[in-house]
Amino acid sequence: MFCEISALSAFQDLFLNIFLIEGLQIFMSSLTFPLPVKAVLIDLDGTLLDTIHDLAEAANRMLSALDMPLLAVDKIKTFVGKGIPNLVKRTLTESANHVHPDNELFERALHEYERHYMSVLTREVLHFPGVEDGLKMMHEAGFKLACVTNKAERFTLPLLQANGLSEYFDLVVSGDTVEKKKPDPMPLLFAAERFGIAPHEMVLIGDSVNDYQAARAAGCAVFIVPYGYNEGEDATKLPADAIVAGLVEAAKLLD
């Protein structure tokens, strides 16, 4: 049973309201729940897996190799979100804004980062709560599942395999599978084409503005989890179709 608790004044012109369902915030527009979809696309870092400790370890090993000061994990966490090259640029400049380091320094740093990240790839990775249960629910319900990430394939596939998640996915779209990464819609449209469905027959579950923007541009629904990275910003402020506590709660909203 739905219970209206408040309204988003900034989005009243879009007829969006906030509802409470079993403790979940649902930002509802013209969508009806449970949402009829054929495929579920799920982000990796910050949605399925908590990878920040290994990402940060590789960043600090890179900085050490370059004789640069090390950074706190919480600082590096704000740099995650648009792929490893972007993470390296942000780490070198200590800025989440569009500040570009020297090209020669960047190329050397990227090589160092990728070398160190491969060596610590699965050292300290955790499943976020309910991830495997949620994947099982979606798989058993018959949804096509795809992992859509900005991480390069050579890191993505062993990470999924090592954490026992590969078996759930019918498709993995990595950061180098297609020409562009999220927030561009290309990875999502590629998944739709591979599944033989229209974008509106999918939902993307992610943790960041990159996921939100990619889904909106692709024309599919988007659910956001509140526990991820989102470049240091509060992901629950995004006007997604649902803010869900985790994958189990997301599965309950799908049909």
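Structure values in brief
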item	result
Residue in region 229-239 that is assigned by TED's automatic domain parsing to the domain that holds E193, over 19 Å from P36 (Cα atoms) and touching a Leu at 6+ places or on another chain (Cβ under 7 Å) present	yes
Test result for K77, outside the structural domain of N230 (by TED's automatic domain parsing) and under 17 Å from the mean Cα position of the chain (by Cα)	yes
Residue match in region 101-110 (condition: surrounded by fewer than 18 Cβ atoms within 10 Å (Cβ to Cβ) and closer than 28 Å to V222 by Cβ)	no
Residue check for A245: assigned to a loop (DSSP other than H, G, I, E, B), over 11 Å from the mean Cα position of the chain (by Cα) and crowded, with 24+ Cβ neighbours inside 10 Å	no
T156 vs. criteria outside the structural domain of E179 (by TED's automatic domain parsing), under 27 Å from D184 (Cβ atoms) and of a type outside the set (F, W, Y)	no
The listed residue being closer than 19 Å to K82 by Cα, surrounded by 18 or more Cβ atoms within 10 Å (Cβ to Cβ) and touching a Cys at 6+ places or on another chain (Cβ under 8 Å), out of L204, L238, L189	L204
Residues (among the β-branched types (V, I, T), under 18 Å from F143 (Cβ atoms) and out of contact with any Lys or Arg (no Cβ under 6 Å at 6 or more places or on another chain)) located in region 154-198	V172, V173
Among (1) surrounded by 19 or more Cβ atoms within 10 Å (Cβ to Cβ); (2) within 30 Å of R61 (Cα to Cα), the one test that L135 misses	(2)
Some residue of region 141-150 being surrounded by fewer than 17 Cβ atoms within 10 Å (Cβ to Cβ) and basic (K, R)	no
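The values are calculated or read from the model by the stated rules, or taken from the named source; none is laboratory data. What you are looking at is a predicted structure, and each value in this text was computed from that prediction instead of being measured. All Cβ positions, glycine included, derive from the backbone under ideal geometry; neighbour counts span all protein chains shown.
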